[in-house]
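What follows is calculated from the coordinates using simple rules that are stated; it is not laboratory data. Computed from a predicted model, the values in this text were never measured in an experiment. Backbone-built Cβ (ideal geometry, glycine too); neighbour counts: all protein chains shown.
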Amino acid sequence: MGFEVYIVLLFHWMADFIAQTDKQATNKSSSWRWLSAHVLTYTLIMSFAFGIKYGLINGITHLFIDAVTSRASSHFWKKGDRHTFFVVIGLDQLLHTCILIYTLPHLGGALKVIIWQ
């Protein structure tokens with residue numbers, strides 16, 4: 001594990017936060033349509049950067065993680081329980097990071113060719 005981890009985490013941040021629209025962020029906890037739109041955007045960005053296999057593996061796991069954590073964080077936010085809300089957000093990112101690192105052997109795509117070879 002080396003420099004590629006930082007690049008993967010940078011692209012995860014861009015795909016999960018920067019590319020996520022306000023509609024996706026505010027509605028993904030209650031709508032499969034908006035959750036799917038967020039995950040599709042995430043998967044396309046990660047696939048372009050690191051290859052289809054890596055993008056799909058992480059996109060599918062992203063869907064399952066966000067399906068649970070977005071609903072849980074929304075529940076705690078509505079209750080006014082900010083501490084637990086942020087604990088869930090932290091858990092969400094921890095799970096995504098663990099999956100991203102665990103699946104590093106499947107890296108491919110344009111960035112791998114440019115940066116690592």
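Side notes on the structure shown:
- Here the simple spin-label model places points 7 Å from the Cα toward Cβ, and for residue 23 and residue 97 these points are separated by 3.2 nm.
- Under 20 Å of direct C-alpha separation, and excluding same-chain neighbours fewer than eight residues apart, residue 23 reaches these aspartates and glutamates: 66, 92.
- Magnitude of the charge dipole, the chain, Cβ model with Lys/Arg +1 and Asp/Glu -1, debye to 20: 280
- Look at 14, 46 and count the other Cβ atoms within 10 Å of each Cβ; fewest to most, that gives 14, 46.
- Other residues lying with their Cβ under 13 Å from the Cβ of residue 32 contribute a combined charge of +2, Lys and Arg counting +1, Asp and Glu -1.
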